[in-house]
1. Tell me which helices (runs of 4 or more DSSP H) are completely within region 382-490 and hold 2 or more residues being surrounded by fewer than 22 Cβ atoms within 10 Å (Cβ to Cβ), assigned by TED's automatic domain parsing to the domain that holds His341 and at negative phi, or say none if there are none.
2. Any chance you could count how many residues in region 557-598 are farther than 24 Å from Asp185 by Cα and of a type in the set (Val, Ile, Thr)?
3. Considering only region 545-567, I want to know if a residue exists there that is touching a Phe, Trp or Tyr at 6+ places or on another chain (Cβ under 9 Å), more than 30 Å from Leu481 (Cβ to Cβ) and among the basic types (Lys, Arg).
4. Among the residues in region 877-890, are any assigned to a strand (DSSP E or B) and not small (Gly, Ala, Ser)?
5. Under 9 Å between Cβ atoms, at least 6 apart or on separate chains: pull out the pairs that start in region 248-260 with a residue that is farther than 13 Å from Glu272 by Cβ and end on any residue that is outside any strand (DSSP E or B) and not polar (S, T, N, Q).
6. Return yes when Leu221 is of a type in the set (A, V, I, L, M, F, W, C), over 30 Å from Leu328 (Cα atoms) and either modelled with pLDDT of 95 or more or assigned to a strand (DSSP E or B) (or both) and no when it is not.
7. Within region 172-179, can one find any residue that is within 22 Å of Asn431 (Cβ to Cβ) and small (Gly, Ala, Ser)?
Amino acid sequence: MTDPSIRGPLSADPLIVLRPWEAPEVTSWGRLPMNAVDRRAGALSLDGDWRFQLLPAPSMEPGPEWSSSYVPGAWTMQGTDDLPQYTNFRMPWGEFPPASPAANPTGVYEREVDVPAEWAGRRIVLQVGAAESVLLVHVDGRAVGISKDSHLAAEFDLTDVVRPGTRARLRLTVVKWSDASHIEDQDQWWHGGITRSVLLYATEPLYLADVTVRTRLDGELRVDCQVRNASGGALPDGWYVTGELDGQLLAQDVEFDRINEEDGRVSDFLGEARLETVVRDVRAWTAETPELYGLTVRLHRADGSVADTSHHRVGFREVEIRGRDLLLNGERVYIRGVNRHDFHPLTGRTVSYEDMRADLTLLKRFGFNAIRTAHYPNDPSLLDLADELGFYVVDEANIEAHDHAHEIADDPRYTAAFVDRVARMVLRDKNHPCVIIWSLGNESDYGANHDAAAGWLRRHDPTRPLQYEGAAKLDWADPALASDIACPMYAPVEDCVAHALSGKQTKPLIQCEYSHAMGNSNGTLADHWAAIESTPGLQGGFIWEFWDHGILQRVNDGRPAGRGGAGLYDNGVTAPGHRWAYGGDFGETIHDGAFIADGVVFPDRTPKPVMYEHREIAAPVRLEYADGELRVTNRQHFRGLEWLAAEWSLALADDGTLTAPAELPDVRPGETASVPLPFELPEDGGEAWLTVRVTTAEDGAWAPRGTEVCVPQVRLRSAAAAPVPADGGPPVEVDDSGLLVHPLLTAAPVLSLWRAPTDNDELGGAAVRWRTWGLDTLVRKVVGVRRERGSVTVLAEYDTWAGVVRHEQVFTRVEGGVRVEETAELPDGLDDVARVGSVFETVAGLDVLEWYGQGPWESYPDRSAGAPVGHHSVPVDALFTPYLRPQESGGRHGVRHFTLSAPDATGLSVALDGPRQVSVTRYRAEDLTAAAHHDELVPRPGCVVHIDAAHRGLGTASCGPDTSPAYLIEPGTHSWSWTLRVL
């Protein structure tokens, strides 16, 4: 093997050998400039099985034995001993920048390539879509080039090292750890390999080196072209460029040519040309109306023949900041965003076009309109899809120096890397209308290297704003050179509102990360958006994040299931013998556990309950009902409601649901119209809720006809006071411990103050406090049982480190069942418990829960806006939400009454004294608390039922603010009652 070090680029002395994996000043060698000319069409794909060896260090020589590895793909997911490792901000090894560890996995990929004979006389280019983290290229043993940046393509000119019509031996050596790893320290799995496609393509010697497209909302189109001669000589005389936009010919900009000539900007080796036109009645591009035009640019020789062609999809739109508003086409738009990694549970960092389309289709269906490519440029196909489907994109450079941020931000050895990564991202993605903001990277402090990159970017592309949280967080009112937007992360909404009202705000405030979606989370999301929509200067943000990054793992050997694992998961649940792995599951000693599982979807893209919450918050249609008037509002920015269909439904507490067709009014964006009530309310005085189910009216790019878009709801009438069941029948039976005896209960109702801690509870500190108080090991002590005519009163006490909790239960025989009236007195020291309520267990066989309340999906006090009130029915086994680390889940908020039934319709019913938090699962809280993964859980045969008088909010304290004070449980007296009957 040729030494993977490259000799000679910095010195003629052959004794000087450059170790590029420890030279931050070297960002590449022999690599071609990045450009926006898409060469995928007509290219020769080199994807597939390559010969492969994994060496322990880049200085080692490969042996005679070769295995195989699939490209694109990470070797960490393909059966090697180098397995995935997850860290949030810590580096996986202790060496300081720019050093790398001596134990440095190095993958050597080889294959033969038959170079087409018809490429004779043409320029031949190799494109490697992505390699983590340093790529060394050799052809037939000859060193060709070096590239860094694990998330952008590298191209190399092979014209002088291959011969058309012959076979060439291509070797790609990938060094996993390097100086570049210190600025790729993102919150994600560490992998190694070639993770995007490898292509070989050919052009004529005279070729389009780059194309830059600029548009204006008035229909003005400008196309700047760069032309080069690969032969190395001067450009041939007489070349010219033409273009057309959906059949409309573009004109040469003769004034541009004249000025270039007069200013001496014309060179012999780089040709520049500008085309222009004005499109009449232009169709503007927005996320709501992603109108695209087809642009073709042709490079001609002097005789008129075509030397090169480039195709682009063009969107006419303008982005500007005016005051403290970000404007798209002159309109202030809400940024309803999510952060997105390139991720797949079977292939790691390699995602297919179909995967990405499924990602974006799902996000559109749940009301998202923006993506931050966290924390690197995503696969280029993602931007094609964002153009087509309609997303606003914050395109982020592959820079995060989290563990050594302060040192690297001002380290001149890394200046070239910062500028290179930002510049190459911009050069690749500049023609995409979806990209409305550039980002300089993530969590790398703020220093001169950022300003250097910002300076290049502002000069090259003045049409878009740029942002960088590290600069913006220093002073929201003046985010310095490196940010046009105040883009903090996890700022409490109260602080954001206070800043917007302070008179000091000068920039749009759009959080680059907020509402951390780890486990059962995203509490107060609706409150957050209520503040955004009512506060000028606040414009949205990006939820962290899209995926739970669980890797499908075989339990028997602890290895990734790999490409063969398709079909071994469904609806967030893995097949027997498999589980979703997170940090530490692959034997890592340095890791950050389940912090990688913090998305709004499970690893198989199944939506978590928060997705329904977001869908209603972002709904294009809003309902209001006040003073007998029903009003419909179009909450979009650019589009009418004609693309939607609707149906009314009326949910009555005791009388089921009525439905009727609906016709949405013709209202412009932001406008409101009054509509007549579709139903006459019954005169019984019961609670009544009106819902409009809104669906797509026709097949669209991201949803077929009939896809549910939102289900806005208003209450037309409050509940009347529930009648108190009449006493009657023999006394209620309790045992010697004062526990209720009932034929359908295997465990009697007792007080519950504990829940299996959520990730927010654990990482935010609440669970530590609860354990300190002893709430997870409460011991019930009966202090009195009093029997009176028709009822039994049981007094119990629970000792905690914060004082004694007194609990009273009054059991009264009523017609058909038992009324349970409960009171719990919490001492002042218990100022923030998980819940106050009852827990009991049922006999086996009760497998279906039907209820009237919020649903059908999981909801909690501070995450319930997306769960409409109605009559719902769900199998008990489907009520539980399989968060990657088992924790409190499956709750339903605002339940008024419910039944648990067997297939023969026998079972029990419970009527509550008011809307309460209820959960029904197969697991006790201690079962969930003890398990690290779902394969460790053993479901109980019966149901574990919680009825809560009060339940603590979820918040997002695993990373960000906890729940609001309104959703905390105060000490003092809590009372609730419920009636249990046999069906």
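1. Per the criteria, 405-409, 415-429, 448-460.
2. Looking only at that region, the number is 2.
3. Checked region 545-567: at least one residue is touching a Phe, Trp or Tyr at 6+ places or on another chain (Cβ under 9 Å), more than 30 Å from Leu481 (Cβ to Cβ) and among the basic types (Lys, Arg).
4. No - not one qualifying residue is present in region 877-890.
5. Partner pairs satisfying both residue conditions: Gln248/Val279.
6. Criteria not met by Leu221.
7. No - not one qualifying residue is present in region 172-179.
Per-residue answers, yes or no, for (1) touching a Phe, Trp or Tyr at 6+ places or on another chain (Cβ under 6 Å); (2) surrounded by 15 or more Cβ atoms within 10 Å (Cβ to Cβ):
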{"site": "Leu677", "(1), (2)": "no, no"}
{"site": "Glu680", "(1), (2)": "no, no"}
{"site": "Thr691", "(1), (2)": "no, yes"}
{"site": "Ala703", "(1), (2)": "no, yes"}
{"site": "Cys710", "(1), (2)": "no, yes"}
{"site": "Gln713", "(1), (2)": "yes, yes"}
{"site": "Ala722", "(1), (2)": "no, yes"}
{"site": "Gly729", "(1), (2)": "no, no"}
{"site": "Val732", "(1), (2)": "yes, yes"}
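The values are calculated or read from the model by the stated rules, or taken from the named source; none is laboratory data. Bear in mind the structure is a predicted one, so any value in this text is a computation, not a measurement. Backbone-built Cβ (ideal geometry, glycine too); neighbour counts: all protein chains shown.
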